[in-house]
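These notes concern the structure reproduced below.
The values are calculated or read from the model by the stated rules, or taken from the named source; none is laboratory data. Owing to the predicted nature of the structure, the values given are computational and were not obtained by experimental measurement. Positions of Cβ are generated from backbone atoms using ideal geometry, with glycine treated the same way; all protein chains shown enter the neighbour counts. Please note that ligands, DNA and RNA were not included when accessible areas were found on the heavy atoms of the full protein model with its side chains. Shrake-Rupley method; radii C 1.70, N 1.55, O 1.52, S 1.80 Å.
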Amino acid sequence: MNAPAKDLDAPRNAPLRNDWTREEIAALFALPFPELIFRAQSIHRRNFDPTQIQVSTLLSVKTGGCPEDCGYCSQSAHNPTGLKASKLMEVDAVLAEAKKAKDAGAGRFCMGAAWRNPKDKDLDAVCAMVEGVKALGMETCVTLGMLTGTQAQRLKQAGLDYYNHNLDTSPEFYPQIISTRTYQDRLDTLDEVRKAGIQVCCGGIIGMGEEASDRVGLIHALATLPVHPESVPINGLVHIAGTPAAQGQRLDPIDFIRTIAVARITMPNSMVRLSAGREEMSEEAQALCFLAGANSIFYGEKLLTTPNPDADSDQALFAKLGMSSMQVRHEST
Ligand code: SF4
């Protein structure tokens, strides 16, 4: 069954929809692959230059020892992955890494801390990091776990551009992946971030043993938020020994590419980021992701604790595809 073509026929500046039904999203996933990619690419080039890729760098500023039990994560204290926990990095050391990332072509610097939620004294240091990275002329993003409204406002005052907080999967599958917090906890933090006026980076992980209907449920949850996330990272599960999710089957790259395409169609103005799992993807699969509407990647040899293609191989791929990095821009929906 083909989905209604109204998404294709919409003019460039048509109001964004956040009334998608699960049935509509399931119908998009079920389209013949060439039809799905054509629709996604058509919408993509209406809103973006299809040759430009936004590049972000992610640094773990506080690694491991996290009290949460996310079944995919090497940093959870519940998962015997052998990862050594470290303290929060010094501000100067973080700024030195940001400078290196800028010199390598990154426009956005993302900082991740393995916390359930930040303590107020830790937030002082994170705010200093945000101010320092902004002073370098880069966009800033942090991911620190759950936030109160007051904490979100402090980050906004420090100049934070984006807050990353992923929904991970569908509401139905979520309890099989994480038990230490609820889907509603995630939605509440996203709400506080929005209320503080910070842009939202929110996506999920594909390949954790979910059903196809859970991929529908994830995209539905993202595309029906009151405002679409400005950045939508779509991660492929990285199989890390010691994590419960690693026992599942490898993801079919076609399912991953379909998820990118449906994210592009349902959230046409968002930056759709090809995130974790890229190291395990062929160049051909990455090229198909770009064709399906992905227009953002992470640069750097590591994504928090998992391997990522190095900057040189990314530049070589961009050159081969005739694509290039996007200059810093501020997105809005
Ligand atoms: S994903 Fe984040 S919250 Fe979950 S265990 Fe890892 S660091 Fe902690």
I want to verify a result. In a Gaussian network model of the chain, Cα cutoff 10 Å, which of these has the top mean-square fluctuation: Q199, Q176, Q75? Q176
How much of the DSSP bridge set in the chain is antiparallel, in percent, rounded to the nearest 5? 5 percent
If you bin the C-alpha pair distances of the range 204-275 every 10 Å from 0, what whole percents do you get? 20, 51, 24, 5
Using R₀ = 51 Å, calculate the FRET efficiency as 1/(1 + (r/R₀)^6) where r is the Cβ-Cβ separation of E90 and R250; round to 0.05. 0.85
Once label points are set 7 Å from the Cα along Cα→Cβ at both S282 and T51, what is their separation, rounded to one decimal in nm? 2.6 nm
Rel. contact order, % - alpha carbon contacts under 8 angstrom, at least six apart, the chain: 24 percent
How large, in percent, is the carbon and sulfur part of the accessible surface of the range 202-290 at a probe radius of 1.4 Å? 52 percent
If you build the convex hull over the alpha carbons only and average its shadow over all orientations, what do you get for the chain? Give it in nm² to one decimal. 15.0 nm²
Ordered by packing density, taken as the mean number of other Cβ atoms within 10 Å over each peptide's residues, highest first, how do 246-253, 55-62, 205-212, 281-288 rank? 55-62, 205-212, 281-288, 246-253
Using a basic spin-label model with each label point 7 Å from the Cα along Cα→Cβ, how many nm lie between K195 and D120? 1.8 nm
Of the listed pairs K87/K195; K102/K195; K134/K195; K84/K156; K99/K121; K87/K134, those with alpha carbons more than 28 Å apart are K87/K195; K102/K195; K84/K156
Using a 1.4 Å probe over the heavy atoms of the protein chains, calculate the carbon and sulfur portion of the accessible area of the range 116-157 as a whole percent. 49 percent
List residues of the range 12-51, by number, whose backbone nitrogen lies under 13 Å from a label position 7 Å along Cα→C-beta of S213. 22-23, 26
Just the Cα atoms of the range 35-95, one point each, no solvent: what log10 I(q)/I(0) does Debye give at q = 0.19 Å⁻¹? -0.74
Whole-angstrom gap from the range 68-144 to the range 158-186, using each part's C-alpha centre: 18 Å
Is the range 16-70 best put as rounded, prolate or oblate by its Cα gyration tensor, with a ≥ b ≥ c the root eigenvalues, rounded for a/c under 1.5, and otherwise prolate when a/b is larger than b/c, oblate when not? oblate
So for R0 = 41 Å, FRET eff. of L187-D103 from the Cβ-Cβ r, to 0.05, ends up at 0.60
Stokes-Einstein at 37 °C, 0.692 mPa s, Kirkwood radius from Cα pairs: D for the range 53-173 in µm² s⁻¹? 219 µm²/s
